[in-house]
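Here is the structure we will look at, set down as structure tokens.
Please treat every number below as a calculation from the coordinates, not as lab data. Note that this is a predicted model, so its numbers are computed, not measured. Positions of Cβ are generated from backbone atoms using ideal geometry, with glycine treated the same way; all protein chains shown enter the neighbour counts.
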Amino acid sequence: MKRVLTVLALLIIALAVGVGVYLYSKQPTRQGQVELRNLQGSVTVRYDERGVPHLRAENETDLYRALGYVHAQDRLFQMEAMRRLARGELAEVLGPKLLDTDKLFRSLRIRERADRYVAALDRQSPAWKALQAYLDGINQYQDSHAAPVEFDVLGIPKRPFTAEDSISVAGYMAYSFAAAFRTEPLMTYVRDQLGADYLNIFDLDWQPNGVLAKTHSQPGVALAASDWKDLNALARLSEQALADNGLPQFEGSNAWAIAGNRSKSGKPLLAGDPHIRFSVPSVWYEAQLSAPGFELYGHHQALVPFAFLGHNLDFGWSLTMFQNDDLDLIAEKVNPDNPNQVWYRGQWVDLLNSEQQIAVKGQAPVTLTLRQSPHGPIINDALGTAAGKTPIAMWWAFLETPNPILEGFYQLNRADTLAKARAAAAKVQAPGLNIVYANAKGDIGWWAAALLPKRPAGVKPGFILDGSSNQPDKEGFYPFSANPQEENPARGYIVSANFQPVSPTGMEIPGYYNLADRGQQLNRQLSNKNVKWDNEANQQLQLGTTTAYGPRLLAPLLPVLREVVSDPAERKLLEQLALWPGDYPLDSISASLFNQFLFNLTDATLRDELGNDFFETLLSTRVVDAALPRLAASADSPWWDNRATPAKETRADTVKVAWQASIAHLKTTLGADSAQWLWGKAHTLTHGHPLGTQKPLERIFNVGPFEAPGTHEVPNNLSAKIGPAPWPVTYGPSTRRLIDFADAAHSLTINPVGQSGVPFDRHYEDQAEAYIDGMYVQAHFSDEEVTANTRSTLKLLPAR
């Protein structure tokens, strides 16, 4: 027995040592010397206490090659997952459950656009040379090191990263902004299947006969029941493809710039916190880049060498999402005698057909047939042979604009004047981005960057367009001067928070904008002329957890609730809710009650008309946020009636049902004692890893849960979708950055999880608790401070 136990102990020790050696082989190397091919000189990489690399090179090409190497050390699996999602190649490593996602992304034609884009790039431009050096650094790391743990678990083969991969990731980023896939089918269904009275709450112009109705000259396109089913299937697939893969999805953002005459220091201030779906690792990779004539502290995205957020001592910028509608869905009219033809500008035109093979793990490859009309790719081909009879084409700005976005961000990384920043912004055409800028000279500026299409007069692109008419036609693009923009406004500040902007020409800019509440909240505080702003005040602004949305929605319903709520304990909760200012601290009971009531009210009013599938689609859109306050204020809306009953319900009847369901659910979920209905107990943040969707791997790869303050559309936008308690947070500030250009060397920042994406690395989750607690850390910029805070140094040397 003693010998058996000894052998067993030795086996356990050997196993532990083996596991330790295996995991150690996967860790980043942040100390010592490494030789890299193609370097012209040495590059010093100093890592600070958060694992942020500070790179110093003798020239820009070496700098970007080194950046690729160190970025890959920390984020190689993220790079691989992002390119596979964007290019429709996930099923090859994740199996048939990802086949529909691959079909969707193949149908978007991102791969083909990336190929054409790269083929047209100027091989002599500094941006191209920087990209090639960066990718070479990534590939040299991949070739010389053990594959990440995730590669081993999933059986991912190594293959070189290419410029086409980088552009494909930009396409994924553009697509993640495109709310049209979810919103346009839904709005068209409400208009054409339910009618004008039902569309009113969405505040959209209604055409009595619908844009897909018959015209005098030619029969128009009529959608059948199978088409509606397909459109909703596409909408759900679009949402799930972005939400279920543990990868960043761009959702919203805050950014503001304050002029020196409004700040304590007398210099401009810049604040930014892009709102992106939480994941492990988080989207941004921080790095300081230094070479003769170039200095930048930047936040980088996987496979992109140029910072999307950045600053130095002279200037800086942040981003928000423009939310302009740059994607149209078009219902094509099919020739009854030839299913491969559609009606286009007065004649039948052949669809172009092509086939692609999708590799599927454990199965034979799947052949996907893709079609294209003169309007664009047929996107319901992603559903295969089960698709309905009406082809739905897609016009998407990412496919149709020159979009020199790499050159734009290369220039923005060096834009030390308003003029240079403006010129760089004009090169960002898809996705639409708001670029908010400030410099130490005293300038502040904002440009809504996108190439905006000229649609025919009267066309409402928020609905599916009729391909047999001129509605989908584009008459070119507006000049950049027509885009919303401001430079050094007299009020002394600029705020961007995804609300609908105004063009200098006064033209309407269609889009899927967020509610104005968040922007109004920020604007009210920034407009206070008695405040002299500094980074401390900006912290309070970024961490704000109050919105006028809840009280605004409740106001017309409170008299109704007072009529239908009779239980004394519930009456007490109701009166607390009536006094609630719309704030979301961790200890709020009213926040929990309101959010549960919001879901049950939405469920009781809208589900019966929309059906389960379209109702779930509605909850994934921004239009529901604007619709609910209008519904609450509309006592005679037809939505109040429950179609499942023979009676005709009133607003009071449905509000009562929603209230009772809310109380019952909170008691079941959070306990009978309402004192336990604390917001922080029900509203939590877990940072999910792609492998963390499988038990028990979530214990290894996921980070959290953490009790989370804030909510949807407050400045601290830790957001969960409308639904029943508990509420898992899905997206929020992907970083928080604050810069005072009187002391830009001491900017403030934070990463939601950690700098590294390597499991078991000490920087995998070392910022997660500080982030959720609303803390900031100082970014090190000056050589003296970087030296003082260096924890390890890596020297990259030219290969001998």
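Show me the trypsin sites (Lys or Arg not before Pro) within the range 343-431 that DSSP assigns to loop and that have at most 13 other Cβ atoms within 10 Å of their Cβ.
For trypsin sites (Lys or Arg not before Pro) across the range 343-431 that sit outside H, G, I, E and B with at most 13 neighbouring Cβ atoms in 10 Å, the list reads Arg345, Lys389.
Over 25 Å between Cα atoms: which of Lys229/Lys460; Lys264/Lys427; Lys333/Lys454 fall into that group?
Lys264/Lys427
Please give the FRET efficiency for Arg123 paired with Asp416, using the beta carbon to beta carbon distance and R0 = 22 Å, rounded to the nearest 0.05.
0.25
Compute the relative contact order of the chain as a whole-number percentage, counting only Cα pairs closer than 8 Å that sit 6 or more residues apart in sequence.
18 percent
So, in Å, what gap is there between the alpha-carbon centers of the range 750-787 and the range 529-577?
Cα centres, the range 750-787 to the range 529-577: 33 Å.
Of the options Phe105, Ser253, His54, report the single residue whose Cα projects farthest towards the positive end of the charge dipole of the chain (beta-carbon charges: Lys, Arg +1; Asp, Glu -1).
Working it through, the farthest residue towards the positive pole turns out to be His54.
Can you give me the long-range amide H partners of Glu35? Hydrogens built in the peptide plane at 1.01 Å from N, cutoff under 5 Å, separation of 5 or more residues or another chain.
Distant-sequence amide H within range of Glu35: Leu797.
Expressed in nm to one decimal, what extension gain is obtained for the pair Glu35 and His746 from 0.36 nm per residue of sequence separation less their Cα-Cα distance?
252.7 nm
Would you pull out the residues with amide H under 5 Å of Gly511's amide H, same chain only if 5 or more places away, H placed 1.01 Å from N?
Close amide H contacts, sequence-distant or interchain: Asp325.
Looking at Val565, Ala555, Ile509, which one has the Cα that reaches farthest to the positive end of the dipole of the range 494-585 (charges on Cβ: Lys, Arg +1; Asp, Glu -1)?
Looking along the dipole axis, the top candidate is Ile509.
Using the structure shown, select from Lys97/Lys681; Lys656/Lys695; Lys26/Lys97 the pairs with a Cα to Cα distance greater than 30 angstrom.
Too far apart for the 30 Å limit: Lys97/Lys681; Lys656/Lys695.
Take Thr29, Thr730 and order them by how many other Cβ atoms sit within 10 Å, fewest up front.
Sorted ascending by nearby Cβ count, the order is Thr29, Thr730.
Going by C-beta contacts inside 10 Å, put Ser590, Ser226 in order with the fewest on the left.
Ser226, Ser590
In whole Å, what is the distance between the alpha-carbon centres of the range 489-528 and the range 332-399?
Taking the Cα centre of the range 332-399 as reference, the centre of the range 489-528 is 39 Å away.
Under the √(5λ) rule applied to the eigenvalues of the Cα gyration tensor, what semi-axes describe the equivalent ellipsoid of the chain? Give them in Å, descending.
Listed largest to smallest, the semi-axes of the chain are 41, 33, 30 Å.
With +1 assigned to the C-beta of every Lys and Arg and -1 to the C-beta of every Asp and Glu, and no other charges, what is the dipole magnitude of the range 743-800 about the Cα centre in debye, to the nearest 20?
Rounded to the nearest 20 debye, it is 440 debye.
Computed FRET efficiency, Cβ-Cβ of Asn353 and Ser226, R0 25 Å: what is it to the nearest 0.05?
E between Asn353 and Ser226, to the nearest 0.05, is 0.70.
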